[in-house]
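Okay, structure first, notes after.
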Amino acid sequence: MVGIFYLSAVVAVLSTVLMLTRQHVVHALLYLIVSLLAVALVFFSLGAPFAAALEVIIYAGAIMVLFVFVVMMLNLGPGSGDPAGELRGFSQWIGPLLLAAVLLLELLYAVREMAVAPTGQGVIGPKAVGIALYGPYLLGVEMISFLLLAGLVGAYHLGRRGGGEE
Amino acid sequence: MIEIVRHLVIIFGLLFVLTTVSAGLIWLERRLLALWQDRYGPNRVGPFGLLQVAADMIKIFAKEDWIPPFADKPVFVIAPTIIMVATFLSFAVIPFTPGIEVVSLDIGLLFFLAMSSLGVYSVVLAGWSSDNKYSLLGGIRAAAQMLSYEVFMGLSLMGTVMLAGSFNIRDIVEAQRGLWFCIPQFFGMVVFFIAGVAETHRLPFDLPESENELVAGFHTEYSGIKFGMFFVGEYLGITLISALITALFFGGWLGPLLPPVVWFALKTFFFICLFILLRATYPRPRYDQLMAFGWKVMLPVALLNLVVTGGILLAKGA
């Protein structure tokens, strides 16, 4: 499982880099999908199959389809210009690079101090996840459902037609 | 060592059987449609026209594999493989008999849902990469249709998961020893079946490829073996949904007298025929009717089914 973990982690990082450097929107989205699938495999190799399945169903299978759908609706074909054209200059990258460097330092520190949780602690099944979600994390689940409801009401309001037409 | 060989035999045996079955379904569908429409259907090549499949396959393999110059080549080539891979992977978690199963996953049902949600990309990317407005329209229709019907496809299955107390399809089959879930989960079964028809974009829900408005929809530009993959992929999808209905609602391999594999095959065959009968019976709805039916009828039914099942289970104190 450790081998699978490192392999899929490398795939995830590589495809994310490729996603960032693609000129073409749909190709970038495809690399992002590959990256999400690789992250799902990372979860799986760490013993969290439920999280892996949800990653594929929700991120790779639903949210990214919506992205592709929007790209198709707007018809952002090859002739639609360079979407990342304004990000080519180096000055744009200083801020993100600094922030990423802080994260990298934190990561290196954590690895050095062995503060990371050891892998292979056994498999967390769907039942354990459910018990955790509706036990100690019940408040978080309820808050998120509020957030989703607000999003739903907002989308309904935005999508409503002005006149009495229905 | 023997374990590994056994697994390999099961995997390659399943690949062979499933490909053959889904290719054979093309013949079956044409014959059955002909029967229900009072005509002959393909009956010239071989006994009962059975060799029609072989003839079609030879034709498809030998045809020029043409990629339109205006298409987005890499995506155009990947698209038809996605549906084959995703559908074949879904079969990995289905227990055909107690002995014939590729992998017994604790998240089996979720794995199926994940793979079926990845299958959407096949149609969507095919429609987009063809760079043809009819294909694009087909792809857009497919994206919206499959995304919507996926929602209650998942919800309709949760009733069986609650009754069985597991996502593992083997456990779900074992839980049906006393009573098949088609009775306590009748509404779940109906919703799943309709969502399954929409997921495989079969008639009456074949709006992504409705030939009288969109030429051939998302696969207009495809020919040769790539078109063949879409075609066989569709029949693989039908087989998959039929096998799942069998396993989740009709007791899988359970049944008296006959050996388990025969029961599974018989039940699956029945649902495949039902798919074809649907095609012979119903006209295609308008696209807005399809979406309205999904969100205004199927979703409430699936949610109600979930609430009632949960309530009854709670009341029983299970």
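Odds and ends about this structure:
- Residue within segment B:174-182 that is in a loop (DSSP other than H, G, I, E, B), away from chain A (no Cβ under 11 Å) and of a type in the set (A, V, I, L, M) present: yes
- Between A:V10, A:V39, the distinction of being modelled with pLDDT of 85 or more, away from every other protein chain (no Cβ under 11 Å) and surrounded by 20 or more Cβ atoms within 10 Å (Cβ to Cβ) belongs to A:V39 only.
- Taking the criterion of being more than 8 Å from chain A (Cβ to nearest Cβ), open to solvent by 20 Å² or more (accessible area, probe 1.4 Å) and within 30 Å of B:W263 (Cα to Cα), no residue of segment B:125-150 qualifies.
- Between B:I67, B:I100, the distinction of being more than 14 Å from chain A (Cβ to nearest Cβ), open to solvent by 30 Å² or more (accessible area, probe 1.4 Å) and in contact with a Lys or Arg (Cβ under 9 Å, 6 or more places away or on another chain) belongs to B:I67 only.
- Among (1) more than 22 Å from the chain's Cα centre (by Cα); (2) touching a residue at least 24 places away in the same chain (Cβ under 8 Å); (3) within 24 Å of A:R22 (Cβ to Cβ) - the single one B:Y134 does not satisfy: (3)
- From the list A:F50, A:F44, the one residue that fits, being facing chain B (nearest Cβ under 7 Å), over 13 Å from the mean Cα position of the chain (by Cα) and hydrophobic (A, V, I, L, M, F, W, C), is A:F50.
- All positions within segment B:58-70 that are in contact (Cβ under 8 Å) with a residue 60 or more places away in the chain and farther than 14 Å from B:K226 by Cβ: B:F70
- A residue that is within 22 Å of the chain's Cα centre (by Cα) and farther than 30 Å from B:G217 by Cβ occurs somewhere in segment B:144-159.
- Only one of the numbered conditions (1) open to solvent by less than 10 Å² (accessible area, probe 1.4 Å); (2) modelled with pLDDT under 85 is not met by B:L244, and that is (2).
- Residues satisfying the stated conditions in segment B:218-260, i.e. part of a loop (DSSP other than H, G, I, E, B) and under 25 Å from B:C182 (Cβ atoms): B:F250, B:G251, B:G252, B:W253, B:L254, B:G255, B:P256, B:L257, B:L258, B:P259
- Selection status of B:M189, among the aliphatic types (A, V, I, L, M), in contact (Cβ under 8 Å) with a residue 40 or more places away in the chain, within 24 Å of B:I276 (Cα to Cα) and open to solvent by less than 10 Å² (accessible area, probe 1.4 Å): no
- Consider segment B:106-120 and keep the residues that are more than 15 Å from the chain's Cα centre (by Cα) and at the interface with another protein chain (Cβ under 7 Å from one of its Cβ atoms). The one that is farthest from B:E213 (Cα to Cα) is B:D106.
- The criterion of at least 1 residues that are among the hydroxyl-bearing types (S, T, Y) is met, among helices (runs of 4 or more DSSP H) falling completely within segment A:1-80, by A:2-21, A:25-45.
- Where B:A79 falls short, out of the listed (1) buried (at least 24 other Cβ atoms within 10 Å of the Cβ); (2) more than 30 Å from B:L8 (Cβ to Cβ); (3) aliphatic (A, V, I, L, M); (4) within 11 Å of another protein chain (Cβ to nearest Cβ): (2)
- When the criteria are applied in full, B:R6 meets the requirement of being part of a helix (DSSP H, G or I), away from chain A (no Cβ under 14 Å), at pLDDT below 85 and open to solvent by 70 Å² or more (accessible area, probe 1.4 Å).
- Top-ranked residue of segment B:198-217 - restricted to ones that are in a helix (DSSP H, G or I) and within 18 Å of the chain's Cα centre (by Cα), ranked as surrounded by the most Cβ atoms within 10 Å (Cβ to Cβ): B:P208
- For segment B:151-161, filtering for residues that are more than 9 Å from chain A (Cβ to nearest Cβ) and among the small types (G, A, S) leaves 2.
The values are calculated or read from the model by the stated rules, or taken from the named source; none is laboratory data. As the structure is a computational prediction, the values presented were derived from the model and not from experiment. Every residue, glycine among them, receives a Cβ derived from its backbone with ideal geometry; neighbour counts consider all protein chains shown. Accessible surface is based on the protein model in full, side chains and every heavy atom, while ligands, DNA and RNA are left aside. Shrake-Rupley method; radii C 1.70, N 1.55, O 1.52, S 1.80 Å.
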